[in-house]
Amino acid sequence: MQFRRRNMAALTVALRKTSTFPKCILRPVVACASESHHRHAGTYHHSLTPKGRGGRSSFSGTVAAVFGASGFLGQYVVCRLGREGSQVMIPHRCDHYYLMHYKVMGDLGQILFRQCNLRDLDLIADIMKHCNVVINLVGKDYETRNFSFEDTHIEGARNLARIAKKMGVNRFIHVSALNADMGSPSKFLRTKAAGETVVRAEYPDATILRPAQMFGREDRYFNHFANQRFFGGVPLFFSAGHIVKRPVYVADVGQAVMEAIRNPETAGMTFELVGPNGYLLPDLVDFIYRVTRRPYIRYPVPRYLLRFVAGILEKSPFEPLMTRDMLELQHTSENVTPGMPGLEDLGITPTLIEMAAIRGLRRHRADRYFDLGIDEVEPAPTVK
């Protein structure tokens, strides 16, 4: 046994001396982006320099804190950030288990999580201190006993903008809502308008995005109407025939956030993000049910009666099926401000609902229609 070991050792030494394999030479990775990509060239730490050839296994130079990432739009934004090799910090209130699927959206160690509360200002500052981009997606569809619309849309937005400015964050992206107006009958839209005002006051160079109601695979828009068939039909106000909706695809809004980050010229600007076409609300509901291939009844209900029913439903201890404010938002026309930049100005072609609605509505179909495409569905009539 000892003789065999001595022979093996001698053979190993001989092979090392006579090996003809070339030595492995480690070369430095060349940065894939110029310094002009950054808004303030030369003012950032060397660890924020882009590295690699692009993609999830590179580093884009962006370290982003995405507040509200656990929501509908958040996963599309985080996925795009991770795909480009950005490091993403996700502050959250929910259990970590509900965000586990976000980990695979970026490279190993690039998607990070922190328990956070909008009222804990010191913790927010600690999250932002290493970031050069902050994205505010925080919003609520309905009020709860812990957080009202004012708490999230106004005070929360003010705190995030103020701390971002104090910590020297280069870019602040604030997502508001189309038709945000202090005179709106919807409290959601009134508080969104107030939130824009405080953000602009605290961080004048913030980029504000105003998306119309978004549709997609997990939305509370098209799916909400499709689910109402279980409750005897779709009730609408008598005025619904004059309500114009311009639904925008959620992936387009997520891409708009990325383009706003890339382009430093968007600092201080406001964009209104809408779909390519407008539809009357009854026509849009009819189209949704043509896609799902389900029979349904659409009937008008007096405003006061429908608000009374919604007032009862919103008292539920669970997620309410409908609230009075949801009704007002649902029956508000989505109007675009003349001259306001939109998706096209960010280099994005808006997606037609005829092309993307099937992705979220297919699950409502019966088995025999499940695999059918959307080509046979009659498009909804459009309005200007």
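The table that follows gives values for the structure above.
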{"quantity": "Residue in region 291-333 that is farthest from VAL234 (Cα to Cα), counting only those that are loosely packed, with under 13 Cβ neighbours inside 10 Å and of a type in the set (Val, Ile, Thr)", "calculated": "ILE312"}
{"quantity": "Region 303-356 - residue that is of a type in the set (Phe, Trp, Tyr) and outside any loop (DSSP other than H, G, I, E, B) and, of those, farthest from ASN223 (Cα to Cα)", "calculated": "TYR304"}
{"quantity": "Residue in region 170-178 that is under 28 Å from ASP120 (Cβ atoms) and either surrounded by fewer than 20 Cβ atoms within 10 Å (Cβ to Cβ) or small (Gly, Ala, Ser) (or both) present", "calculated": "yes"}
{"quantity": "Test: residue in region 287-297 that is touching a residue at least 40 places away in the same chain (Cβ under 8 Å), under 28 Å from ALA206 (Cα atoms) and charged (D, E, K, R)", "calculated": "no"}
{"quantity": "Test: residue in region 335-352 that is out of contact with any helix residue (DSSP H, G or I) (no Cβ under 7 Å at 6 or more places or on another chain), small (Gly, Ala, Ser), within 29 Å of GLU143 (Cβ to Cβ) and surrounded by fewer than 18 Cβ atoms within 10 Å (Cβ to Cβ)", "calculated": "no"}
{"quantity": "Unique residue being among the basic types (Lys, Arg) and either in contact (Cβ under 8 Å) with a residue 60 or more places away in the chain or touching a His at 6+ places or on another chain (Cβ under 8 Å) (or both) when the list is ARG324, ARG365, ARG307", "calculated": "ARG365"}
{"quantity": "Some residue of region 147-156 being touching a strand residue (DSSP E or B) at 6+ places or on another chain (Cβ under 6 Å), among the aromatic types (Phe, Trp, Tyr) and either closer than 25 Å to ASN263 by Cα or without any contact (Cβ under 8 Å) to a residue 60 or more places away in the chain (or both)", "calculated": "no"}
{"quantity": "Tally, over region 89-111, of residues that are within 17 Å of the chain's Cα centre (by Cα) and surrounded by 15 or more Cβ atoms within 10 Å (Cβ to Cβ)", "calculated": "10"}
{"quantity": "Leading residue by the ranking (surrounded by the fewest Cβ atoms within 10 Å (Cβ to Cβ)) among those in region 226-249 that are under 25 Å from THR351 (Cβ atoms) and among the small types (Gly, Ala, Ser)", "calculated": "ALA240"}
{"quantity": "Exclusive hit being of a type in the set (S, T, N, Q), surrounded by fewer than 24 Cβ atoms within 10 Å (Cβ to Cβ) and either within 22 Å of the chain's Cα centre (by Cα) or at pLDDT 95 or above (or both), set THR197, THR191", "calculated": "THR197"}
{"quantity": "Single condition ILE288 does not satisfy, out of (1) more than 23 Å from the chain's Cα centre (by Cα); (2) surrounded by 20 or more Cβ atoms within 10 Å (Cβ to Cβ); (3) of a type outside the set (Ser, Thr, Tyr); (4) under 16 Å from ARG220 (Cα atoms)", "calculated": "(1)"}
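The values are calculated or read from the model by the stated rules, or taken from the named source; none is laboratory data. All values derive from a computational prediction rather than experimental measurement. A quick note on method: Cβ atoms are made from the backbone with ideal geometry, for glycine too, and the neighbour counts reach across all protein chains shown.
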